[in-house]
Amino acid sequence: MTALPPQYDPTALEAELYRAWTDAGLFTPAATGRPHYVVMMPPPNVTSVLHVGHGLNHTVQDVLVRFERMRGRDALWLPGTDHAGIATQNVVERLVAKEGQTRFDLGREAFERRVWDYVRETGGSILDQLKAIGDSCDWTRTYFTLDPGLSRAVREVFVRLYEKGLVYRGHYIINWCPRCLTALSNEEAEKADVEGRLWSLRYPLADGSGHLVVATTRPETMLGDTAVAVHPEDARYRHLVGRAVRLPLVDREIPVVADAAIDPSFGTGAVKVTPAHDPTDFEIGRRHGLPAIDIMTPEARLAETVPERFRGLDRFEARKRVVAEVEALGLLEKVEAHAHAVGHCYRCDTVIEPRLSDQWFVRMAPLAEPALRAYREGRLRFLPERRGDEYAQWMENIRDWCISRQLWWGHRIPVWYCDDCGATHVSREDVTRCRCGGAVRQDEDVLDTWFSSWLVPFSSLGWPDDTPDLRTWYPGDVLVTAPEILFFWVARMVMAGCEFMGDIPFHTVYLHGTVRDTQHRKMSKSLGNGIDPLEVIRRYGADALRYTLVSGMAVGTDVILDPNDLETSFAPARNFANKLWNAGRFILSNVPGPTRPLAGPHPGALRPEELTLADRWIIARCDATIREATEAYERFRLNDAATAVYRFLWSDLADWYIELVKPRLYGDAPGGDVARAVALRTFDVALRLLHPVMPFVTEALWQKIPGKPEGAWLCGASWPRPDARAAAPDALAGFGVVQEVVGAVRAIRAEYDVPPGKQVRLFVTHPSAAAQAAIRAETGTILRLAKASELTLGESADRVGGYAVLSDGTGVFVPLGDAIDLERERARLGAELGKLEQLIAGQERKLGNEQFVARAPAEVVAKEREKLATWREQAALLADKRTRLGA
RNA sequence: GGGCGAAUAGCUCAGCUGGUCAGAGCGCCUGCCUUACACGCAGGAUGUCGGGGGUUCGAGUCCCUCUUCGCCCACCA
């Protein structure tokens, strides 16, 4: 075989291996009829740039898919991109702004073309970046949520829900982003705690008999007040209900109404009512027939409906102005600090303005019912389990979904209005003319991005047509994502699956953690604390990135990485890949051709009596690792799986088996063929077990395995199974003794500074029966690894030496009289002891000084006392050592 | 305001159904360029398992409480 370089160079191999896998079609499953394993990739935004969050999410998915593929399931991981309405439109709007224009300058059609150009130009890059991570998804099925097929599914769903009465148009208070100029769903309005203020304002009674005090966090909205509300049972205000107050600044008379929605214990128990700008107030307004005065423009500036001096002011400017004027009138009762939650746009973080408008909604309760049932009946499970409660809680309190967006980028709402007869057409096909013959115009709005992504488990497979793909791959199995989109996407996919396919789209939802920095802050562009996965791949390799992410992640916990120290984070995994590489180099260079089968009916198979204790031990360890890793992968404990294989490869195979088997591999030493067979087989197994996590380095090595079938890829190879015939659990204990003996001698050598090249004699005293057998079986190994010239079972005549007791009580004795220069060693110890005694004497003087003890801070004194104690202990140890050397 | 997590070596974390669980990696200390690997090998030090109380023959592991961080939900203006 061609010599492999001593350092693994990921960049030289990864791209080529990836191409080989795709060329071989390994990621495109054939529908063989075997059990399938289907994972829907959370479609990244088409404009997004790969960040480490993708890295984590995709590594987890890829590990699971590769594992199940090797287990023989038809594994489909279906990739796609999301048109991401608001996010993408914002990106292009910024580009247009650089040219000094707005989308309104361009006009709708031109702007849409501009977005399409942008998407076509840059849209694929995120997918290419995913390939660098090693994603084994089926690129032949890649979709985009604005593809014709998926767009047809969107229309079909809209029309069907409309026909069932589950889609409706309504006039309500919705969450409005004054910067994006669109309505948002409740989920898209992220609540954030804000340290705000609560202003108490006096509203004079219209008859001049006094005033009412109302409290508000948004004083500017008073310009749109149309009532003051109190609780009907509130004795303080009962006499005022039905009377009127005079709204300051506006000079408008508004009624005092009684409404049960008011909490008498909060503030003064009297509330200003602004039906056009608050959901609760809107409901109160409805119940009492109050007018709703919209006082704001879409940009959240004050509108024509307020007194002239306020018009055009930004809402926060207006707030200051209103407060100032109220105060000038002597009507500001008080201002208090007030912490409360305020909605922010999840795309641009602008403070949400509740706004009254006409929007399209989905009635969700009927859709939630079967989705909730699936969870309650255990057909749908969550990892970690507690996330299931969040899901259930959300489903139980589900609110209608505002799906219309005042954007230009997205699926246009399939509704046409006739201006002549006023008819509304909701249609799967484009409508060009009304029944009445009049012209029609399509609804200007587009649909929420999530209105297309909630369908992907089936729309990506050809729905609404009844395609073979759909029949084969629906329902899927596992959904892997971050908890942030549990409601946006996961919960809604379950509802859509139940409604349109009659079955949930996956049975398991695995919600992994978030990648955070060492201060536990989420990594983000704005904080500048991100880690660029491509840089990590460039410097350490994709395998190192993957291994680091996987091993840092227990089920449901976050992954903490230091963006300022990639070396600390990623070098260990890179080192592991290199270790694997070198173990492979060694084994492969010593195994020139195919080896004998380990066990079984084959004529050349190894016979049990040919195996040494060490052979049986490594086979047993290998089998145990197969069980451990397999179970861990099955239980989504990817970190445990990674750790198990790491331990086996490094601590067992490399540190022990390879070391001890060397003499058998060189030349024509006896037992060489057995050693080669065992080494190759266990190494092959380890490569398979590790492949899901580190696909590249394992594949590169596996390609060199002698006897590998022509054209076979580890990526498509079978998952290893424990081989009961070759397994030897008893060897675990036996070889454990061997390891302990070697370890004990090494420790003694280190302790007494025995020169590295110096051979020692070794006595094993009163060994247990099992220990005796093990030591006899591997005497050669012990002598070599302990650098001992002879091993005697029994007592030694020497008195000077190092002694150790093993866990089973077996004693290990190393005479040292002839192994070290006793005089020199005694002198060394004596010198060390002398230095220490001087230090101790000085310290004792210091602590004997009453001035010091009385005046120095207590902690300092304590620290000095500790030092003294430590030195005394060290001195005692040195003295003991010297005694053992016969001094 | 409700609900839920987490606090274990200097750092990042394992420790799943109470009894070799006091661990791993990194870092640190001491030797080694031993012909697979110095991205390595061998040896070593380090923790009142957040504080307090309880259950138990026995508790990082169960219960209560306190402290500190984090997450989800919520129309008290």
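The values are calculated or read from the model by the stated rules, or taken from the named source; none is laboratory data. From a predicted model like this one, the values you see are computed outputs, not experimental measurements. Backbone-built Cβ (ideal geometry, glycine too); neighbour counts: all protein chains shown. Surface accessibility is based on the protein's heavy atoms, side chains included, excluding ligands, DNA and RNA. Shrake-Rupley method; radii C 1.70, N 1.55, O 1.52, S 1.80 Å.
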- Note on the structure: Per the filter on the stretch A:554-582, residues of a type in the set (A, V, I, L, M, F, W, C), within 8 Å of RNA strand B (Cβ to nearest atom) and modelled with pLDDT under 90 are A:A554, A:V555, A:V559, A:I560, A:L561
- Task: Name the single residue, out of those in the stretch A:207-235 being buried (at least 16 other Cβ atoms within 10 Å of the Cβ) and small (G, A, S), that is farthest from A:A258 (Cα to Cα).
- Result: A:G224
- Considering the stretch A:574-597, residues that are more than 15 Å from A:L653 (Cβ to Cβ) and in a loop (DSSP other than H, G, I, E, B), and then whichever is least open to solvent (accessible area, probe 1.4 Å), we arrive at A:G593
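Determine whether the stretch A:311-333 contains at least one residue that is among the small types (G, A, S), open to solvent by less than 80 Å² (accessible area, probe 1.4 Å) and closer than 26 Å to A:G208 by Cβ.
Filtering the stretch A:311-333 for residues among the small types (G, A, S) gives A:312, A:318, A:324, A:328, A:330.
Those left that are additionally open to solvent by less than 80 Å² (accessible area, probe 1.4 Å): A:312, A:318, A:324, A:330.
From the residues that got through so far, the ones that are closer than 26 Å to A:G208 by Cβ too are A:324, A:330.
For the stretch A:311-333, residues among the small types (G, A, S), open to solvent by less than 80 Å² (accessible area, probe 1.4 Å) and closer than 26 Å to A:G208 by Cβ: present.
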- Message: Can you find, within the stretch A:392-445, the residue that is farthest from A:A84 (Cα to Cα) among those that are among the small types (G, A, S) and touching a strand residue (DSSP E or B) at 6+ places or on another chain (Cβ under 8 Å)?
- Response: A:G438
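Here is a yes/no grid of residues against (1) in contact (Cβ under 8 Å) with a residue 60 or more places away in the chain; (2) open to solvent by 20 Å² or more (accessible area, probe 1.4 Å); (3) of a type in the set (K, R):
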{"residue": "A:W463", "(1), (2), (3)": "yes, no, no"}
{"residue": "A:T472", "(1), (2), (3)": "yes, yes, no"}
{"residue": "A:T481", "(1), (2), (3)": "yes, no, no"}
{"residue": "A:E484", "(1), (2), (3)": "no, yes, no"}
- Note on the structure: In the stretch A:249-304, anything over 9 Å from A:T226 (Cβ atoms), touching a strand residue (DSSP E or B) at 6+ places or on another chain (Cβ under 9 Å), open to solvent by 40 Å² or more (accessible area, probe 1.4 Å) and of a type in the set (A, V, I, L, M) is listed as A:A261, A:V271
- Of A:P722, A:P729, A:P755, the only residue that is in contact (Cβ under 8 Å) with a residue 60 or more places away in the chain, more than 16 Å from RNA strand B (Cβ to nearest atom) and open to solvent by 10 Å² or more (accessible area, probe 1.4 Å) is A:P722
- Checking A:T297 against (1) farther than 26 Å from A:G208 by Cα; (2) within 16 Å of RNA strand B (Cβ to nearest atom), which test does it fail? (2)
- Message: Looking only at the stretch A:169-183, filter to residues that are more than 13 Å from RNA strand B (Cβ to nearest atom), of a type outside the set (F, W, Y) and in a strand (DSSP E or B); which one of those is nearest to A:T424 (Cα to Cα)?
- Response: A:R169
- Does A:S551 satisfy the criteria of being of a type in the set (G, A, S), touching a residue at least 40 places away in the same chain (Cβ under 8 Å), within 16 Å of RNA strand B (Cβ to nearest atom) and more than 30 Å from A:R373 (Cβ to Cβ)? yes
- How about the stretch A:46-133: which helices (runs of 4 or more DSSP H) wholly inside it have at least 2 residues that are within 21 Å of A:L690 (Cβ to Cβ) and touching a Pro at 6+ places or on another chain (Cβ under 6 Å)? A:52-70
- Can you tell me which residues in the stretch A:483-508 are assigned to a loop (DSSP other than H, G, I, E, B) and over 18 Å from A:C137 (Cβ atoms)? A:G502, A:D503, A:I504, A:H507
- Spot the failing condition for A:P354; the list is (1) more than 16 Å from RNA strand B (Cβ to nearest atom); (2) assigned to a strand (DSSP E or B); (3) open to solvent by 20 Å² or more (accessible area, probe 1.4 Å), and only one is missed. (1)
- May I ask you to list the residues in the stretch A:168-197 that are of a type in the set (D, E) and farther than 16 Å from A:F488 by Cβ? A:D193, A:E195
